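What follows is one structure encoded as structure tokens, with my remarks underneath.
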Amino acid sequence: MTAFALAAPRLVGADLLKLRKRRSLSAVAGVLTVGAAVITYTVMELQHLASPAAHGPAGGIVNVGHGTFLVAALGSVAAAIVGATVGAGDMDAKVYRDLVVTGRSRRALFLSRIPAGFAFLVPFVAAAYALAAVAGVVFAGSNPSPSTSLLVEGGAWAVLTVAVYYLLAVGIACLFASRSDTIGSLLGWQLALTPILAHIGSIGIVRELV
């Protein structure tokens with residue numbers, strides 16, 4: 001076995017523990033995922049109960065689609081923040097050099113952060129999507145209920161979207177050694193440039209890729 005394979009579990013565990021000790025990071029990730037899903041479906045259901053004629057049920061296929069988009073979009077924001085922290089947190093704190101002099105290879109220190117960040121982030125995204133899926137079925141009312149296959153597919157796409165942004169954040173943060181620049185650039189891309197490019201039909205395949 002390689003040295004990394006032998007050290008990986010301990011390195012991943014140590015990186016995961018560091019992330020979990022950041023209470024502010026956990027709070028931000030929780031609010032952007034689980035908190036957003038709870039607030040959204042609570043408001044939608046209260047509106048429906050208060051005025052059924054004006055507001056339809058909070059569940060159903062269409063609203064599950066909206067919930068999936070919400071989880072993927074805000075989950076991507078959380079992924080940018082977590083990924084930037086994973087990739088550049090030690091450099092910002094001026095402790096990366098201390099980690100290197102312990103004898104760990106830079107490659108091992110870098111690779112261990114990827115699964116650690118996933119292990120930290122995915123439970124938040126999964127819990128948020130689970131809430132959206134349950135609400136989509138329980139609060140469907142007169143709306144068509146989503147099928148199990150549709151729910152599984154939606155969840156997979158939400159997690160995949162978040163995973164892509166997380167990997168981008170880690171890579172950019174490690175490259176530029178700046179947490180703030182990484183978060184700013186990814187949020188600008190996700191919240192500003194992506195919606196604009198997605199609505200420009202003349203750019204053809206670029207629009208489809210985006």
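The values are calculated or read from the model by the stated rules, or taken from the named source; none is laboratory data. Bear in mind the structure is a predicted one, so any value in this text is a computation, not a measurement. Using ideal geometry, Cβ is built from the backbone for each residue, glycine included, and neighbour counts are taken over all protein chains shown. Areas reflect the complete protein model, heavy atoms only, side chains present, ligands, DNA and RNA absent. Shrake-Rupley method; radii C 1.70, N 1.55, O 1.52, S 1.80 Å.
Ordering Arg179, Arg10, Arg113, Arg23 by how much accessible area each has at a 1.4 Å probe, largest first, what is the list?
Largest accessible area first, the residues go Arg23, Arg10, Arg179, Arg113.
Given a 1.4 Å probe and heavy atoms of the protein chains only, how would you sort Asp181, Asp15, largest accessible area at the top?
In descending accessible area the options line up as Asp181, Asp15.
Apply the Karplus curve 6.51 cos²θ - 1.76 cosθ + 1.60, θ = phi - 60°, to the phi angles in the range 59-69 and return the couplings in whole Hz, x for Gly and Pro.
Going residue by residue, I get x, x, 4, 4, 6, 5, x, 5, x, 5, 4 Hz, with x marking Gly and Pro.
May I ask you to compute the full-extension gain from Leu191 to Val164, defined as 0.36 nm times their residue separation minus their alpha-carbon distance, rounded to one decimal in nm?
Working it through step by step, the gained length comes to 8.2 nm.
Probe radius 1.4 Å, ligands and nucleic acids ignored: give me the carbon and sulfur share of the accessible area of the range 21-80 as a rounded percent.
Carbon and sulfur atoms account for 72 percent of the accessible area of the range 21-80.
Could you tell me the accessible area of Val164 in Å² (1.4 Å probe, neighbours in place), rounded to the nearest ten?
For Val164, the solvent-accessible surface is approximately 70 Å².
What distance in nm separates the two pseudo spin-label positions at Val122 and Leu49, each 7 Å out from Cα along the beta-carbon direction?
So the two model labels end up 3.5 nm from each other.
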